[in-house]
Amino acid sequence: MEFIDELKIFSLIEDKNHCSVELQREILYKSKEAKGLTLQESAALLNITDTVLLEEMYNTAKDVKEKIYGNRLVLFAPLYVTNLCVNNCMYCAFRRDNKELTRKSLTVDEVRNETEYLVGQGHKRVLLVCGEHPQKAKMSFIGECVSTIYNVNVNGGNIRRVNVNTAPMSVENFKTLKTFGIGTYQCFQETYHYNTYRQMHPDGPKSDYAWRLYAMDRALEAGIDDVGIGALFGLTDWKFETLALLSHAFNLDHRFGIGPHTMSVPRLEPAFNAPAAHKPPFAVNDSDFKKLIAVIRLAVPYTGIILSTRERAELRRELFAVGVSQISAGSRTSPGAYKESQESLREHEMEQFQLGDHRTLDEVVKDVCELGYMPSFCTACYRSDRTGDRFMEFAKSGTINLMCVPNAISTFQEYTNDFASEATKETAEAFIKSETEKLKGATKLKTEKMVKRVNNGEKDVFF
């Protein structure tokens, strides 16, 4: 656990020199190059209090994100397949000792039904989520679920990439997971502070801090190219958690030449019978949350920053502008909830945590467009060998945008033709036309041809 140096991290947070406005301004100037920051420089930016400088940091984070990824927002939905779990996490409704939670594991047919619902909404990318259970979440079950999701086809619509959020595995099991054709493997440390981690995970397999911390190392060793890390903000000091999360990213990049494909920043939300969730030990307010997202964007420009539907719609709109590049939409956090009634009381007896944004995918898409962001349903990189170190090469240099913009426009046109409501379609068509007009030369011609193919009925057109 040597790369999470708690003493060093706290010393960086407490160092009064990092409160120097002159130093912070110098670091912000450097960050405009989109080459990343050191841990020390990141600590200095976390200590910004000057309102003018804060605004400059937010604008810089927006510029850096757009330099790498443009104005795109990638959309996905989680698909929970079981809420059975042998862990006892103090912040999670799925915890083993929650005897009042309604437990459910989906059958293969139910996984298919859930997938059909998501495909019918227009989704192309799914995050498979399951509690940790030796029988209900074993490798064979995960493999069946992934295969079932990929095999669903509704009038030509399908899920083109399944990312997976499961418990840490051995190298051998990660090798098996890779054979299922997954996209990104995702696993959050939850909290990097060792004593807090032990308090929040008193027993069960998850109580092993080091086993979880090195999960990504084992995944990369097993040949899984893309990994996603994250922290659950609210369990300990948010500045510590941010710097520890960055330390994890830097360590992966140093060891493997592949930093995290994604970094997630969920905040602790109320959860049924979860003691720590109803009164977060270190609640993070909206202002600090916005600040830490901007710092992560500047420190690790190449990563995809994921913002979930835990956050309410109004705040999500504000955070899009400081570096977020991927968002969930139309989410449910309990097994089988998509096909069941959206207002079912049973759903709330089964969910992992409460959501803040309850809008449908169509409503989110329309809102995103009106804010000036391109909704992207693209999954091309996974199927064009632009993963791992190859993806990092494109992302770190900023050239990934040359491929992503045409693909985003093409996939958004497909969504608009097949799934958009009339109100959304009107907004989307005007937006697609405007974004295409901004392109130049061969890229514009290529994009126009791709859109024409989509409008002629072709599916899954990508660069």
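A few notes on this one:
- Taken over the stretch 196-272, the convex hull of the Cα atoms encloses 106 Å³ per residue.
- Loop-located GluC sites (Glu not before Pro) in the stretch 3-39 (DSSP state not H, G, I, E or B) with no more than 12 neighbouring Cβ atoms inside 10 Å: E33.
- Likely footprinting exposure, S20, S334, fewest C-beta neighbours within 10 Å first: S20, S334
- Taking only the Cα atoms of the stretch 86-192, the ratio Rg/Rh comes out at 0.98, with Rh defined as the Kirkwood radius.
- Mean projection of the Cα convex hull over all viewing directions, computed for the stretch 2-47: 3.3 nm².
- Per-selection Kirkwood Rh - the stretch 218-376 (Cα, Å, 1 d.p.): 17.0
- Within straight-line reach of K425, meaning a Cα separation under 26 Å, sit the following lysines at least 8 residues removed in sequence or on another chain: K124, K339, K366, K433, K438, K440, K444, K446, K449, K452, K459.
- Per-residue [θ]222 nm for the chain (sum of -39500 (n - 2.57) over DSSP H runs n ≥ 4, rounded to 500): -14500 deg cm²/dmol
- A straight Cα-to-Cα reach below 22 Å connects K396 with the lysines K30, K32, K35, K62, K65, K67, residues fewer than 8 places away in its own chain not being considered.
- Förster-model FRET efficiency, 35 Å R0, Y214 and E22, C-beta, rounded to 0.05: 0.35
- Neighbourhood net charge (14 Å Cβ-Cβ; Lys/Arg +1, Asp/Glu -1) for V21: -3
- For the chain, the spherically averaged projection of the C-alpha convex hull amounts to 20.1 nm².
- Here the stretch 236-293 is treated as a Stokes sphere of Kirkwood radius computed over C-alpha pairs; at 20 °C and 1.002 mPa s its diffusion coefficient rounds to 164 µm²/s.
- The string of couplings for the stretch 116-128 from the Karplus curve (6.51, -1.76, 1.60, θ = phi - 60°) is 4, 4, 5, 4, x, 7, x, 5, 10, 9, 10, 10, 6 Hz, one whole number per residue in order, with x for Gly and Pro.
- Loop sites in the stretch 400-463: GluC sites (Glu not before Pro), DSSP, at most 15 other Cβ within 10 Å: E458
- Pairwise label distance in nanometres, E426 with E314, each label 7 Å out on the Cα-Cβ vector: 2.7
- Overall Cα dimensions of the stretch 129-218 - principal axes, largest extent first, Å: 51, 24, 23
- A cut-off of 5 Å between modelled amide H atoms, ignoring neighbours fewer than 5 places along the same chain, links E132 with V86, N87.
- Annotation note: GluC sites (Glu not before Pro) in the stretch 92-148 located in DSSP loop regions with a Cβ neighbour count of at most 12 within 10 Å are E100.
- The ellipsoid that matches the Cα gyration tensor of the stretch 1-158 has semi-axes, each √(5λ) in whole angstrom, of 43, 24, 13, with the longest given first.
- Span from the the stretch 167-215 Cα centroid across to the the stretch 66-88 one, whole angstrom: 16
- Inter-probe distance in nm under a simple model that places probes 7 Å from Cα toward Cβ, at V108 and E14: 5.8
None of the figures in this text is laboratory data; all of them are computed from the coordinates on show. The structure displayed is predicted, hence computed values, not measured ones. Cβ sites come from the backbone with ideal geometry, for glycine too, and all protein chains shown count toward neighbours.
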